[in-house]
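One structure is given below, encoded as structure tokens.
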Amino acid sequence: NAGVTQTPKFRVLKTGQSMTLLCAQDMNHEYMYWYRQDPGMGLRLIHYSVGEGTTAKGEVPDGYNVSRLKKQNFLLGLESAAPSQTSVYFCASTRTGGNEQYFGPGTRLTVT
Amino acid sequence: AQSVTQLGSHVSVSEGALVLLRCNYSSSVPPYLFWYVQYPNQGLQLLLKYTSAATLVKGINGFEAEFKKSETSFHLTKPSAHMSDAAEYFCAVTSGTYKYIFGTGTRLKVLA
């Protein structure tokens, strides 16, 4: 049981490049999330999904897109990276609302 | 709307001393409350959770927290700090829906 995994762990992009972050969970959880963590700001919700085939915007969705074609996977895309998107990105999942979230190890992204 | 306030972005304690990390929440409905710990370059791990069963909640690694509705608080304590407790700690609240609100975190330093 791997829990929540994220790939890649590190990435450096140039401004304007695109990339996709992959999150996978093997706990059959319904809800999945993408957060970004910046110093002194805690975790901010980018997008979330409450089930396969569904996605919704969170607190800071601009510049990101997501897809959840399979229940176990949640992809986060950056179409045209900007330096303001330099951050650590965490994926999380939970069975249903009110339960604890399980977090992946994070992806450290630097945009130059 | 829900919110979480963590007082003190940095807390230092001596090894063997009491650890007290403060969390105050705001919620118009009965909340579910969580404390997570984040070690350097890792994701968040659940320490403990309050889901209305008992006001005093015991977690892993000797931590506990008490839910005080009258004070809207959920402070985290540990009687005796260990060097391995040095990490960042996050308080989070949810009403049972998809949405989780995180505090900005408290970095705990343990002095030898």
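Checked against the criterion of being modelled with pLDDT of 95 or more, small (G, A, S) and surrounded by fewer than 21 Cβ atoms within 10 Å (Cβ to Cβ), the candidates B:S73, B:S52 yield just one match: B:S73.
Within the range A:10-59, count every residue that is touching a His at 6+ places or on another chain (Cβ under 8 Å), under 25 Å from B:E88 (Cβ atoms) and within 12 Å of chain B (Cβ to nearest Cβ). Reasoning before the result, please.
First pass over the range A:10-59, keeping only residues touching a His at 6+ places or on another chain (Cβ under 8 Å): A:33-34, A:55-58.
From what is left, the residues that are under 25 Å from B:E88 (Cβ atoms) are A:33-34, A:58.
Then keep just the ones that are within 12 Å of chain B (Cβ to nearest Cβ); that gives A:33, A:58.
Count: 2.
Going through (1) out of contact with any Lys or Arg (no Cβ under 8 Å at 6 or more places or on another chain); (2) free of Cβ contacts under 8 Å to residues at least 40 places away in the same chain; (3) surrounded by fewer than 13 Cβ atoms within 10 Å (Cβ to Cβ) one by one, B:P40 falls short only on (2).
Candidates in the range B:77-110 are the residues that are in a strand (DSSP E or B) and small (G, A, S); of these, the one that is nearest to the other protein chains (Cβ to nearest Cβ) is B:A92.
Just one of the listed residues (A:P39, A:P61, A:P105) is in contact (Cβ under 8 Å) with a residue 60 or more places away in the chain and out of contact with any Leu (no Cβ under 8 Å at 6 or more places or on another chain), and it is A:P105. Under the condition of being more than 13 Å from chain B (Cβ to nearest Cβ), without any contact (Cβ under 8 Å) to a residue 60 or more places away in the chain and not in a strand (DSSP E or B), the residues counted in the range A:69-102 number 7. Counting only strands (runs of 3 or more DSSP E) that fall entirely inside the range A:1-65 and contain at least 2 residues that are under 22 Å from B:L46 (Cβ atoms), the qualifying elements are A:4-7, A:19-25, A:31-37, A:43-49.
The values are calculated or read from the model by the stated rules, or taken from the named source; none is laboratory data. As the structure is a prediction and not an experimental result, all values here were calculated from the model. Cβ sites come from the backbone with ideal geometry, for glycine too, and all protein chains shown count toward neighbours.
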